[in-house]
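The values are calculated or read from the model by the stated rules, or taken from the named source; none is laboratory data. Bear in mind that the values here come from a model prediction, so they are computed numbers and not experimental data. Heads up, the Cβs are rebuilt from the backbone with ideal geometry, glycines too, and the neighbour counts pull from every protein chain shown.
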Amino acid sequence: MAPRDTSSYYPLHVAIIMDGNGRWATQRGQPRLFGHRRGGERVREIVEACPRLGITHLTVYAFSTENWKRSTEEVLGLMSLLRSYIQREAERLRAEGVRLRFIGDRTRLDSRLQRLMAGIEKLTAGNDRLHLTVAINYGGRNEIVRAVRRLARAVARGELRAEEIDEEAFSARLDTAGLPDPDLVIRTSGEMRVSNYLPWQTTYAEFEFTGTLWPDFSADELADIVDRFARRERRYGAVSAG
Ligand code: IPE
Ligand code: IPE
Ligand code: MG
């Protein structure tokens, strides 16, 4: 798709690395899961703000393929928070016109969580006011490898010739197939790295790093970041228009 050529426009697709829950809790003398719970609650305000800000797609990083390295207690706690998020928000998201989808390798998640995920995807499939995508057991390299396997299988079955593999054919086998690329990636908590998040999809995204810890991130801060984004010039390798 040709990039939009105006130098001042608002992002349609925002991807967020929701980081800093643990530090937020530790600063308050609380267990890390206390921060994760508060972090989960922030998602609602951000989801509600998106349509007001003209954002049509929001993709949030909830659990990475690397996060299994954390303690069993933290991993189980995060999984249980994800389950309760889906149960608690399902009806509200449906009523608000939000379409919820998940990216990441689901096969390693427990079967009850997998069923809940499939259920809410189905429940909200007809919505398109906001496309909310939650990355669970997501890693960019893992996603790429799984896409390569799908391509290899298609070639082995004779459905595709190797010469027909192009960027489009590859994108279509990613978990994000059908979603536009993010215009803007926001990472909270002051870390300036991408931690295996959407590497293929963000080759031309703009990045914003904020020191705010995720449980303190607000719709007002999102609005400020979006305004700053609108003033940036995206050249996509061409020469400046001005
Ligand atoms: C982000 O917060 C949430 C997840 C990775 C699940 P962290 O848990 O990484 O918080 P910090 O970075 O330790 O403060
Ligand atoms: C990235 O945060 C993953 C999520 C926000 C879910 P991490 O806290 O896991 O990333 P690193 O370990 O600092 O790179
Ligand atoms: Mg972190």
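Filter region 161-184 down to the residues that are surrounded by fewer than 16 Cβ atoms within 10 Å (Cβ to Cβ) and not basic (Lys, Arg) and list them by number.
Scanning region 161-184 gives Ala162, Glu163, Glu164, Asp166, Glu167, Glu168, Ala169, Ala172, Ala177, Gly178, Pro180.
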Six or more apart or on different chains, Cβ under 8 Å: which pairs go from a residue in region 20-34 that's among the β-branched types (Val, Ile, Thr) and at pLDDT below 95 to one that's assigned to a loop (DSSP other than H, G, I, E, B) and near ligand 3 (Cβ under 10 Å from one of its atoms)? Could you list them?
none
Would a scan of region 116-129 turn up a residue that is in contact with a Phe, Trp or Tyr (Cβ under 7 Å, 6 or more places away or on another chain) and not charged (D, E, K, R)?
yes
Applying the selection to region 53-103, what residues are under 29 Å from Arg129 (Cα atoms) and among the basic types (Lys, Arg)?
Arg83, Arg88, Arg92, Arg94, Arg99, Arg101
Specify the residue that is surrounded by the fewest Cβ atoms within 10 Å (Cβ to Cβ); the eligible residues are those in region 185-236 that are hydroxyl-bearing (Ser, Thr, Tyr) and at negative phi.
Thr203
Among the residues of region 122-149, which ones are out of contact with any Gly (no Cβ under 6 Å at 6 or more places or on another chain) and either at pLDDT below 95 or exposed (fewer than 14 other Cβ atoms within 10 Å of the Cβ) (or both)?
Lys122, Ala125, Gly126, Asp128, Arg141, Val145, Val148, Arg149
Hey, can you tell me all the residues within region 69-87 that are within 15 Å of ligand 2 (Cβ to nearest atom) and either closer than 15 Å to Phe217 by Cα or in a helix (DSSP H, G or I) (or both)?
Lys69, Glu74, Val75, Gly77, Leu78, Met79, Leu81, Leu82, Tyr85
Just checking, how many residues over region 50-68 are within 12 Å of ligand 3 (Cβ to nearest atom) and outside any strand (DSSP E or B)?
2
Positions within region 204-242 being free of Cβ contacts under 8 Å to residues at least 12 places away in the same chain and part of a loop (DSSP other than H, G, I, E, B), in sequence order:
Arg235, Gly237, Ala238, Val239, Ser240
So which residues in region 49-104 are on the phi > 0 side of the Ramachandran plot and either within 16 Å of the chain's Cα centre (by Cα) or crowded, with 18+ Cβ neighbours inside 10 Å (or both)?
Gly104
